[in-house]
Amino acid sequence: MKKTRVRFAPSPTGLLHVGNARTALYNWLFARKTGGEFLLRIEDTDVERSEVAYEAQLIEDLRWLGLNWDEGPLGAGEHSGEAGLVGPYRQSERLAIYAEHTAKLLVEGKAYRCFCTPEQLEADRALAISEHRPQVYVGRCRTIDPKISARRAEAGESFAVRLKIGTEPLRFHDIVRGAVEFAAETVSDPILVRASKGGGESVPVYNYVVAVDDALMGITHVIRGDDHISNTPKQVAIYEAFGWPVPEFAHLSTILGEDRERLSKRHGATSIATFREMGYLPEALANYLALLGWGAEDGKSETFTLPELTGVFSLERVTPSPAIFSFEKLNWLNRHYLKLAAPERVTELSWRYFSDHLPPHDSASPEVRSWFTKLLALTLPAVDRLDQLPNKAAVVFGFDVAAAGSDPENRAVLSSETASSVLGEFAARVRTCSDQITPELFKCWMNDIKSATGAKGKDLFHPVRIALTGSHSGPEFDKLLPLIEEGAALNLGVMDVRERVRQFTEG
């Protein structure tokens, strides 16, 4: 059997989004499952919109997700040269290859020059619309004698190159959707190379360069989004014109938001870089992307590492139905992987979100690292992603005393005589204490205050919690107090217990 070869071929015209990332993942999984090869090809012929920075970012995103490739370009901005077996792997470096193949089609009479002006083509489209006919090329230049065509081109007349489409239907097999067929007349004679503008170089179009690249790179399976289905018959026609075998196709369903509209920025994060910045783990995102259109054979398993996915993935289990992107499901998976992650890794990943309070990670003392690990133990179970940690940890660093005192719910708690007595007793003990305020000491104080005031339960603890945290609910005191006191001692911008009580009672 021929070795499986698949490719991921993004355009460096923007950030890598979840739809393309899922396509890359499915290609990678299929290659690894079948013992094949995964290629990365950069489709950068759109010179005006392509940027080296986008290419660098998408390469970084793929590596972050754990999707390594067997063949592909060198570093972003570097020339591919002859890297790999069938390079170069940037389309901008393959223009001579496309020109050579275009000349071959013209010589063999399988393609022809089209001298129609934009005005003529627009008039043809308008007439077709008015007569309720398909908007396809009328074939005006198809019968021009090749010798006359060549002389007009040599004279400097602008032209495009079109492929001659026969009368037979264009067929291909789609692993996800089965047999697919397009009538030849619906495809018309597609443009392979656009007419040059202002004497510049002619530009080969997407469908042409993709088909040439896939054939020359030995791609056996083309796995991509279903928005490419309408492109496929044109590419099949190009394969057939050159006498190349047609690859297998697998067109993946569209990803929708929970409102059943196409996923976009208005639904929230859509780029891999943004998910990374928000503090999602790559294993969580890769796991979730795999579930967008594919399901395990047992119909219920949902948590898979990349090695586990490699063992169970198959294109036959990919559904043609649209996939619904659920942040709730992604958050659930991220919490799952955060629990499994090594504490040292979580500490390093979380550190940057606290840059206002912590020194650089590499220069932090063991005491600061130890303190931060304890802070994460307190706050990590309460978040979906790492960028939520500072908000959850804010109470450790301090709070707005004035806002806490004016909060309606807090005022209701503090309005009773019992609350006033409890706060007075607690403040007196804090002011006269010269020792470290430990959880054990705090418990002794609260027992004494209970006896002195008769308060218990919420009436006892809520006034003290408000004075220490600005809220009547929050983390357990035996975990919170040591973090506050130790953080203050380490000069991490933490307001200590004494200062909290002083400001709250005197404010």
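The values are calculated or read from the model by the stated rules, or taken from the named source; none is laboratory data. Since this is a predicted model, take the numbers as computed values, not measurements. Cβ atoms come from the backbone with ideal geometry, glycine included; neighbour counts cover every protein chain shown.
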Just to be sure, is S188 in contact (Cβ under 8 Å) with a residue 24 or more places away in the chain, closer than 25 Å to I97 by Cβ and hydroxyl-bearing (S, T, Y)?
no
From the option list V193, V209, single residue qualifying as in contact with a Ser or Thr (Cβ under 6 Å, 6 or more places away or on another chain) and in contact (Cβ under 8 Å) with a residue 60 or more places away in the chain is V193
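Rundown of residues vs (1) of a type outside the set (D, E); (2) touching a helix residue (DSSP H, G or I) at 6+ places or on another chain (Cβ under 6 Å); (3) over 30 Å from V209 (Cβ atoms); (4) surrounded by 20 or more Cβ atoms within 10 Å (Cβ to Cβ), yes/no style:
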{"site": "P233", "(1), (2), (3), (4)": "yes, yes, no, yes"}
{"site": "E240", "(1), (2), (3), (4)": "no, no, no, no"}
{"site": "A250", "(1), (2), (3), (4)": "yes, yes, no, yes"}
{"site": "R262", "(1), (2), (3), (4)": "yes, no, no, no"}
{"site": "H267", "(1), (2), (3), (4)": "yes, no, yes, no"}
{"site": "E277", "(1), (2), (3), (4)": "no, no, yes, no"}
{"site": "A284", "(1), (2), (3), (4)": "yes, yes, yes, yes"}
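Matching residues to (1) among the small types (G, A, S); (2) in contact with a Ser or Thr (Cβ under 6 Å, 6 or more places away or on another chain); (3) exposed (fewer than 15 other Cβ atoms within 10 Å of the Cβ); (4) under 22 Å from A31 (Cβ atoms):
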site: Y280; (1), (2), (3), (4): no, no, no, no
site: E308; (1), (2), (3), (4): no, no, yes, yes
site: L315; (1), (2), (3), (4): no, no, no, yes
site: N331; (1), (2), (3), (4): no, no, no, no
site: N334; (1), (2), (3), (4): no, no, no, no
Could you say whether any residue in segment 321-330 is among the charged types (D, E, K, R) and either over 18 Å from the mean Cα position of the chain (by Cα) or assigned to a loop (DSSP other than H, G, I, E, B) (or both)?
no
Looking only at residues in segment 17-61 that are hydroxyl-bearing (S, T, Y) and in a helix (DSSP H, G or I), which one is nearest to I175 (Cα to Cα)?
Y26
Any chance you could count how many residues in segment 352-377 are within 25 Å of F327 (Cβ to Cβ) and out of contact with any Pro (no Cβ under 6 Å at 6 or more places or on another chain)?
3
Has segment 358-375 got any residue that is closer than 27 Å to L330 by Cβ and buried (at least 19 other Cβ atoms within 10 Å of the Cβ)?
yes
Out of the residues in segment 415-460 that are of a type in the set (V, I, T) and not in a helix (DSSP H, G or I), state the one that is nearest to D496 (Cα to Cα).
I437
Which numbered condition K443 misses (of (1) within 26 Å of A377 (Cα to Cα); (2) buried (at least 18 other Cβ atoms within 10 Å of the Cβ))
(2)
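Checking the condition touching a strand residue (DSSP E or B) at 6+ places or on another chain (Cβ under 9 Å), in the same structural domain as T220 (by TED's automatic domain parsing) and of a type in the set (A, V, I, L, M), which residue from I144, I165 passes?
Result of the check over I144, I165: I144.
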How many residues are modelled with pLDDT under 85 and closer than 17 Å to A24 by Cβ if we restrict to segment 62-98?
1
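Select from segment 293-306 the residues that are in a loop (DSSP other than H, G, I, E, B) and surrounded by 14 or more Cβ atoms within 10 Å (Cβ to Cβ) and list them in ascending order.
Those that are in a loop (DSSP other than H, G, I, E, B) and surrounded by 14 or more Cβ atoms within 10 Å (Cβ to Cβ): G293, G295, A296, E302, T303, F304, T305.
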Per the filter on segment 462-476, residues surrounded by 18 or more Cβ atoms within 10 Å (Cβ to Cβ) and closer than 19 Å to V422 by Cβ are H462, P463, V464, R465, I466, A467, L468, T469, G470, H472
Looking only at segment 378-385, decide whether some residue is outside any loop (DSSP other than H, G, I, E, B), farther than 23 Å from E283 by Cβ and either touching a Pro at 6+ places or on another chain (Cβ under 7 Å) or not aliphatic (A, V, I, L, M) (or both).
yes
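Let's see how each residue does on (1) part of a helix (DSSP H, G or I); (2) outside the structural domain of G493 (by TED's automatic domain parsing); (3) under 21 Å from E486 (Cα atoms):
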site	(1), (2), (3)
D356	no, yes, yes
D362	yes, yes, yes
T373	yes, yes, yes
L376	yes, yes, yes
A404	yes, no, no
V413	yes, no, no
Which of the residues that make up segment 243-274 are assigned to a strand (DSSP E or B) and within 27 Å of S314 (Cβ to Cβ)?
E248, F249, A250, H251, L252, I255, L256, R262
